[in-house]
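Take a look at the structure below.
The values are calculated or read from the model by the stated rules, or taken from the named source; none is laboratory data. Owing to the predicted nature of the structure, the values given are computational and were not obtained by experimental measurement. As a convention, Cβ positions derive from the backbone with ideal geometry for all residues, glycine included, and neighbour counts pool all protein chains shown. Accessible surface areas use protein heavy atoms only, side chains included; no ligands, DNA or RNA. Shrake-Rupley method; radii C 1.70, N 1.55, O 1.52, S 1.80 Å.
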Amino acid sequence: MKKCLSIAVMTMITFCTTAQRVMTDSAWRAEVKTVLLTREGVELERPVLTLGAGERMLLQFDLLVDEAQNLRYSIAHCDAHWRRDDLEPFEFMNGFEQGEIENYEFSFTTLRPYIHYYQSIPAKFAAFTHSGNYLLAVTDEEGDTLLTRRFWVTEEAVGVNAEMARPYDGMDIMRRQEVDVTVKRSEVGGNNVFLRPEYERVQVQQNGREDNARWLEFSGYDGTALCYRFRSCNVFHGGNTFRFFDCSNIYTPMYNVQKVEEYGGELFAILRPEENRSKKHFLSETTLNGGMKVNIQGRRKPAVEADYVWVNITLPMAQPWLDKSVYVVGQMTDWKLDSTSRMDYNPQYKAYVKRLLLKQGYYAYQLLVKRYEVGGMSDWSATEMLEGDHMETSNFYTIFVYHREPSDRADRLVAVKRIKN
């Protein structure tokens, strides 16, 4: 009992000291791999729960260790910008906001041993009572954070209409896509939301990317509805179909895998060399739009029977860019443009290279380019240099509508809308 109380206090202190930090999806230890947080029964979508619907999430991850540990999870409420807010646990949920991760299994017949943890969240008799952004953190026996994952709880208290259109300025109509949004009172349950431009904040994200996420500007009224359209912030570069590879079978190379070899008790997958697609014609293919799916052919339980493989990605290039960096971006790198996803230039091979330790399965990604001098939102296209931009590209756009009145203590998430062009 004292040990649990100690961990709870340490977790609370951690959240308090990071109140102004922007929370992200992160693995804080090298041994933490393949973190998945999904709504139960829905594998390939972002973890969005509906307030009062009784929905739960499934957290899964692996630890590349030999012995099981006592792990705990805790939940915190965040504002619209993913900073810890002042809500106490009793203000955003009924029941306990913390608990033990009780379920785990040891890997079976794999070259690299690991322990697969999984847990339904929230607890059986707990429920969320406040909408908004949430952070899930997993800590070890010492109270140190192993991983953090974000999720959303929405009220669906307002109606959202979103549609794709050609860019309002008539420029680059073959390379860009515009997302226009209208927010209106819901016919179902919008009586507790007083729609005013100063109370609403609307964000649009393309696929899972955050480097080009946009906060939309209010543009006017359509009757009583609020309109967010015909502004530069509504326009996104189309990008290209995601690259992908399949390493579900280590004995027979599959899509985009050149060969799989074993050295010193570890598996290495060499992918076919990447190419610059910016000058090529658009080719439509069905992919996961940056997602991932753990899979192993011929086995029944991929969660514990899939092995870990060092995946080698190469991009041949005669000379490196001096003012730009190349990143492998998708769910497998938490959609980040940082050291975990940045490719390094190898003069010996005359190529950008990246090696990632991934669980067997299917992975989709893009090669994004970032200029050193550019910060914040810009018209710079991270996809233009290597992927190319096309209006025909099939992208998922997610619209988040946040609401906060002067008397509110925290941001509410009153609607989430997902569209695909």
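So here's what we get for this one:
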read-out: The stretch 125-144 residues that are of a type in the set (Asp, Glu), paired with ones that are in a loop (DSSP other than H, G, I, E, B) (beta carbon under 7 Å, 6 or more apart); value: 140/69; 140/71; 141/69; 141/70
read-out: Members of the stretch 258-283 found to be touching a Lys or Arg at 6+ places or on another chain (Cβ under 8 Å) and within 21 Å of residue 326 (Cα to Cα), listed by number; value: 269, 270, 274
read-out: Residues of the stretch 40-55 classified as over 18 Å from the mean Cα position of the chain (by Cα) and surrounded by 17 or more Cβ atoms within 10 Å (Cβ to Cβ), total; value: 2
read-out: The stretch 388-413: number of residues that are at negative phi, touching a residue at least 60 places away in the same chain (Cβ under 8 Å), in a loop (DSSP other than H, G, I, E, B) and not polar (S, T, N, Q); value: 9
read-out: Tabulated pairs, the stretch 199-223, first touching a residue at least 12 places away in the same chain (Cβ under 8 Å) and assigned to a strand (DSSP E or B), second open to solvent by 20 Å² or more (accessible area, probe 1.4 Å) and among the small types (Gly, Ala, Ser), C-beta under 8 angstrom, 6+ apart or interchain; value: 203/213; 204/213; 205/213; 206/213
read-out: Residue in the stretch 282-295 that is open to solvent by less than 40 Å² (accessible area, probe 1.4 Å) and more than 18 Å from residue 244 (Cβ to Cβ) present; value: no
read-out: Output for the stretch 111-160, where each listed residue is of a type in the set (Phe, Trp, Tyr), open to solvent by less than 10 Å² (accessible area, probe 1.4 Å) and assigned to a loop (DSSP other than H, G, I, E, B); value: 114
read-out: Check on residue 180, charged (D, E, K, R) and either outside any strand (DSSP E or B) or under 22 Å from residue 45 (Cβ atoms) (or both); value: no
read-out: Only listed residue being more than 27 Å from residue 117 (Cβ to Cβ) and open to solvent by less than 10 Å² (accessible area, probe 1.4 Å), chosen from 163, 178; value: 178
read-out: Flag for residue 164 being of a type outside the set (Lys, Arg) and part of a strand (DSSP E or B); value: yes
read-out: Unique residue being open to solvent by less than 60 Å² (accessible area, probe 1.4 Å), outside any strand (DSSP E or B) and not β-branched (Val, Ile, Thr) when the list is 303, 318; value: 303
read-out: In the stretch 339-348, the residues that are in a loop (DSSP other than H, G, I, E, B) and surrounded by 13 or more Cβ atoms within 10 Å (Cβ to Cβ); value: 340, 341, 343
read-out: Whichever residue in the stretch 61-110 is of a type in the set (Ser, Thr, Tyr) and open to solvent by 60 Å² or more (accessible area, probe 1.4 Å) and, among such residues, is modelled with the highest pLDDT; value: 104
read-out: Residue satisfying condition, being closer than 17 Å to residue 400 by Cβ and touching a Leu at 6+ places or on another chain (Cβ under 7 Å), within set 139, 148, 154; value: 154
read-out: Residues within the stretch 29-46 that are within 15 Å of residue 135 (Cβ to Cβ) and at pLDDT 95 or above, tallied; value: 2
read-out: Test result for residue 330, within 26 Å of residue 103 (Cβ to Cβ) and among the small types (Gly, Ala, Ser); value: no
